[in-house]
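Asks: Below is the structure I would like to discuss, written out as structure tokens.
The values are calculated or read from the model by the stated rules, or taken from the named source; none is laboratory data. For clarity, every value in this text was computed on a predicted model and none was experimentally measured. Cβ atoms come from the backbone with ideal geometry, glycine included; neighbour counts cover every protein chain shown. Accessible surface areas use protein heavy atoms only, side chains included; no ligands, DNA or RNA. Shrake-Rupley method; radii C 1.70, N 1.55, O 1.52, S 1.80 Å.
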Amino acid sequence: MENLECTVGKDGLNFQCNLCDSDVVHSMAEILLRGLATASVDSTTGDIFKSPSSVAVGMKSELAEYLIQRSMTLVREAVDGGEDHSEQLIKASTMPTEFLSDLIDGFVASKRNLLSHVSGFLSSETRLNKIKDFIQKLEMENFWAPDVREATAGTILKSIDMKCIIHCPERFDTQDKLAEHRNLCRFRIVNCKNDGCLASFSANHIEKHDSVCPFKVLPCEQLCEQHVMRCEMDRHCASVCPMKLINCPFYQVGCESAFPQCVLDKHCSERLQIHLMYILELTTRHDAFVNDMNQRLHLLEKAQSLNELSGALDNRTLTLTAKEQEAKIKKLEQDLKVQETKLKKLESEFKSGKEQCKTANVTLEKLADAARAR
């Protein structure tokens, strides 16, 4: 992309710069690789005799030729006053990656076989996974080298950027003047000057990169005197920065001040008496709390003793009641035995009286018989 180009011009300016925006060229090169993978997968879907790898070589040549020819045709027709491609050309200069994607979509559509159209394969997750896997394979095998893709992207970009927004159109009559210009061209490749950063980009992106470069050394965001790399700023501000806000060490006892940690000693010295008052108040509250807890503990212990005594009295009462009932039961049992003895005695006396009655009756009968006999 940086080779000196010599072209024959009517005005004698035969040496053209043609440097391009490296970020745009890199993005277009990535789109080219994805376009190749997509076309190779879609053209061989369901074909048992072909695979994406088997058609990739021919597909790469077709794709590059198609894109270059198609972009040149659009420009030529616009210049010659043929078909109106004004919207496409505006898009080409302002959104070249989107323009390239549109061209590639047209190429891919022309390569899809019948099965791809009718099977719903185009919207399937399987297709996307196959394209992703094939892109990785192409990258691993360096099938279409990045520099070659970028050269192709640069050729397309130069042909479609009619407004010269993303490439340099300057021409010179000598090679020395061209070389001198390229040392100053806004699209020349420069390296980041921040220590540790290996990024390279077109010179027109210096400010853009510098605004996000993680190795850029910046003044501390908390306004301490140190300068810190952007990637270390958060850690610096959260830990070692002298201006980091901290709470007073006596925060737990009542001092709610917050201040930069570099003035900690000054704060503690100036507010010594106030901190002592906080500690005294805390000690007083603590003592009152301890006394209150001791009183509550004493009351709980007393209540527990009363409960235990009440329980003991209840147990004694139950024992006495049980013994009284046992005594009554024993007395009843003794009375029952006495009554049983009396009953047996009465039964015996009754039997004896009955025998006596029988004897008396016999005697009376005998006396009666004797009286009648006289």
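Asks: Taking the condition of being in a strand (DSSP E or B) and either assigned by the TED database to the domain that holds VAL25 or of a type outside the set (Phe, Trp, Tyr) (or both), how many residues in the stretch 173-205 meet it?
Replies: Within the stretch 173-205, the subset in a strand (DSSP E or B) is 189-191, 200-202.
Subsequent filtering for residues that are either assigned by the TED database to the domain that holds VAL25 or of a type outside the set (Phe, Trp, Tyr) (or both) retains 189-191, 200, 202.
Of the residues in that region, 5 qualify.
Asks: Within the stretch 256-279, can you find the residues that are of a type in the set (Gly, Ala, Ser), farther than 18 Å from VAL240 by Cα and touching a Cys at 6+ places or on another chain (Cβ under 9 Å)?
Replies: To start, the set of residues in the stretch 256-279 that are of a type in the set (Gly, Ala, Ser) comprises 257-258, 269.
Filter once more, so that each one left must be farther than 18 Å from VAL240 by Cα: 257, 269.
Of everything in the stretch 256-279, just one residue is of a type in the set (Gly, Ala, Ser), farther than 18 Å from VAL240 by Cα and touching a Cys at 6+ places or on another chain (Cβ under 9 Å), namely SER257.
Asks: Right, something else. Among the strands (runs of 3 or more DSSP E) contained in the stretch 206-272, which hold 1 or more residues that are touching a Leu at 6+ places or on another chain (Cβ under 8 Å)? Reasoning before the result, please.
Replies: Numbers: elements: 217-219, 227-229, 245-247, 258-260.
So the answer is 227-229, 245-247, 258-260.
Asks: Sticking with this one: What pairs come out if I take residues in the stretch 33-54 that are touching a residue at least 24 places away in the same chain (Cβ under 8 Å) and assigned by the TED database to the domain that holds ALA145 and pair them with residues that are open to solvent by 20 Å² or more (accessible area, probe 1.4 Å) and of a type in the set (Asp, Glu) whose C-beta lies under 8 Å away, six or more apart or interchain?
Replies: LEU33/GLU139
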